[in-house]
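Written out below as structure tokens is the structure these notes cover.
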Amino acid sequence: MTHDHDLVLRPTEAQRAAALAPPPGRTGGDLVVETLCSLGANTVFGLPGQRALALFDAVGRSDLRFVGLRTENNAGFAADAYGRMTGEAVPLLLSAGPGALMALPALAEAAASSAPVVAICAQVPVAGLGGGRRGHLSELRDQSASFREVVKSVHSARTPSQIPSVIAEAWESALTAPPGPVYVEIPEDVLRDETVIPQVTGVDATPHELAPRPELTAVAAHWLENAARPVIIAGGGVIRSDAAGKLRLLAERVNAPVVTTYGGKGAFPWTHPLSLQSWLEDRHTTDFLEDADVLLVVGSGLGELSSNHHTFFPTGRVVQIEADLGKLESNHAALGIHADARLALQALLETVSEREDPTAPERVRLLLADIAARTTPQAQAPEHQLLASIRAALPPRSPSFWDMTALSYRAWSAFDPKHPNTMHSAQGAGGPGYAFPAALGAAVAEPGTPVLAVSGDGGAMYAIAELATAVQHALDVTWLLILDDGGTSTEPTRPDFAALAASFGVPATTTTPQSLRTALTQALKTPGPSLVLLPTPPT
């Protein structure tokens, strides 16, 4: 018989010695850093501030790589991209008050796109908490309340001894499906004051698995194998759970055409005979989906952009696999399966029988032909030319990050990402200025891989200061700036981007639609950051 006391981990002699004689001068900030290192972190993003100086001093004494950006929101975007690329939880270190609040838009994007960012924010000293209004700099009556409706979970440590457990709890929350950003709050004096607590070792934060209920997958399998016109909608949950391979196996087994949402781009091969690609805002695709007698939705809530702006109304049976319980059946009645996409697809593969349908590829071909006939008038041809040039220049495995700009909206539907997890944008929350700082985070995550950022001149102004970050860390990011992209009726005054880049020591090239492929190819091969400027007439 195994007793509880048999499961207690006994400290080694080295651990006992370290516990009895911890290094002098350690602070609560060191406890944070030691916990992060014990959890496996090796890189942190952020921006120092007065209330968090003890935390950043501790980072400086550690082996963690600190990537500091020039604004908190951009640091959040960089952390978001790092989390998307690696699938790992990533620390975002912030100060109190404005230093924390400035990151809220980035955390909203991370929440919408399920990026596992662990935001660790300083607070005013403990005595100033609770709404007493003692007049501390950066004082807020309830700082955590500002984050509560944005992030996945909120955590706080009020004493040094609480720090390791609180951070481990937050880390586990960030990684458990559906992943997402979390908020950790630690007062300045808890970070600053010396501690006698032994060095932190052996912290564990294993995310919980979210497996499907077998009776539900059995029903879903029965519906799929007996359907006349099954179709699959693959969302971002397929990408986040690394389930693209399983999705392809299932689609091929039941001969179901697959359309990917904008967040799910790359989840299914673009040129596969069953690929409907990503034309979700096209009425032909909407009609095709509405005609399905069984619609399998994997890793999507069928929100505004995934439902052709809520004009899509399924007429057949719907099966929805979704890890976010709040999104399950939130837009359409369905057989709701609350599960991680990877585990649910595996369960279906273990259950479903093969379904023959030689007509499926032809139905896909005819639909894509209808879409092509509608989307290739002369008025839209320049956009297709630009996307074709970008696709030809960008290496197949290189990630691209797209801002909220006119060309990006076309790319959501028309761009072939080639591989899963290589095309990203801020379409989760719709905030501007995402592309360049996010591309910097991706370059940190995948050193040696060229990364592309695409922005309009308006969105670029949100991130222009991060040219300094790109130079400081010698990051291989090519930034394509489309000037006068015609996305809005506004005409923002803009700087001389080439001269501005030169002031940072960043090479800049001005190109034309005809020479874009050549200019991008060269820039992507050039180590370090570079700009490619594309002046275009307003559309």
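Just a few scattered comments:
- Accessible area of region 39-78 belonging to carbon and sulfur atoms, whole % at 1.4 Å probe: 46
- Annotation: amide H of Val297 within the under-5 Å range of Ile233, Val319, Gln320, Ile321, sequence separation 5 or more or interchain, hydrogens built in the peptide plane.
- Summed side-chain charge close to Leu452 - residues other than Leu452 whose Cβ falls under 13 Å, Lys, Arg +1, Asp, Glu -1: +2
- Shown in residue order for region 497-510 are the 3J(HN,Hα) couplings computed by the Karplus curve 6.51 cos²θ - 1.76 cosθ + 1.60 at θ = phi - 60°: 4, 5, 5, 5, 4, 4, 5, 8, x, 9, x, 10, 10, 9 Hz (x for Gly and Pro).
- Segment Glu215-Asp357, extension gain: residue separation times 0.36 nm, minus the distance between their alpha carbons: 48.5 nm
- Candidate lysines for bridging to Lys246, where Cα separation is under 29 Å - those fewer than 8 sequence places away on the same chain excluded: Lys152, Lys265, Lys327, Lys418
- Approximating the spin labels as points 7 Å out from Cα along Cα→Cβ, the Ala145-to-Leu349 distance works out to 4.8 nm.
- Cβ-placed point charges (K, R +1; D, E -1), dipole of the chain about Cα centre in debye, nearest 20: 640
- Probe 1.4 Å - accessible area at His384, Å² to nearest ten: 50
- With θ taken as phi - 60° and the Karplus curve 6.51 cos²θ - 1.76 cosθ + 1.60 applied, the whole-hertz 3J(HN,Hα) list for region 105-122 is x, 5, 5, 5, 5, 4, 5, 5, 9, 6, 9, x, 8, 9, 7, 9, 10, 6 Hz, x standing for glycine and proline.
- For region 308-414, the relative contact order is 15 percent, taking Cα pairs closer than 8 Å that sit 6 or more residues apart in sequence and dividing their mean separation by the residue count.
- Note on Ala333 and Ala498: with the Förster distance fixed at 60 Å, the Cβ-Cβ geometry gives a FRET efficiency of about 0.65.
- Rounded percent of accessible protein surface that carbon and sulfur make up, region 375-530, 1.4 Å probe: 54
- Cβ-derived FRET efficiency at R0 35 Å, His419 paired with Glu290, nearest 0.05: 0.70
- On Cα atoms only, tilt of 435-445 relative to the major axis of the chain in degrees: 70
- For region 280-325, with all protein chains in place and a probe radius of 1.4 Å, 52% of the accessible heavy-atom surface sits on carbon or sulfur.
- Counting only alpha carbon atoms, the long axis of helix 360-375 and the longest principal axis of the chain meet at about 90°.
- Ellipticity estimate at 222 nm from DSSP helix runs (n ≥ 4, -39,500 (n - 2.57)) divided over the chain, nearest 500: -10500 deg cm²/dmol
- The residues of the chain have, on average, 41 Å² of accessible surface per residue, using a 1.4 Å probe with all protein chains present.
- Computed E for Val471/Ala392 - FRET, C-beta separation, R0 25 angstrom, nearest 0.05: 0.35
- Pair Val196, Thr315: separation of 7 Å Cα→Cβ label points (nm): 7.6
- The mean sequence distance of close C-alpha pairs (under 8 Å, at least 6 residues apart), as a share of the length of the chain, puts its relative contact order at 13 percent.
- Relative contact order (%) - region 407-539, alpha-carbon pairs under 8 angstrom, separation at least six: 25
- Tensor-based shape of the chain (alpha-carbon gyration tensor, a/c under 1.5 rounded, otherwise prolate or oblate): oblate
The values are calculated or read from the model by the stated rules, or taken from the named source; none is laboratory data. Just so it is clear, the structure is predicted and the values come from calculations on it, not from any experiment. Glycine also receives a Cβ, built like all others from the backbone with ideal geometry; neighbour counts cover every protein chain displayed. Remember, those area values only see protein heavy atoms, side chains included, never the ligands or the DNA or RNA. Shrake-Rupley method; radii C 1.70, N 1.55, O 1.52, S 1.80 Å.
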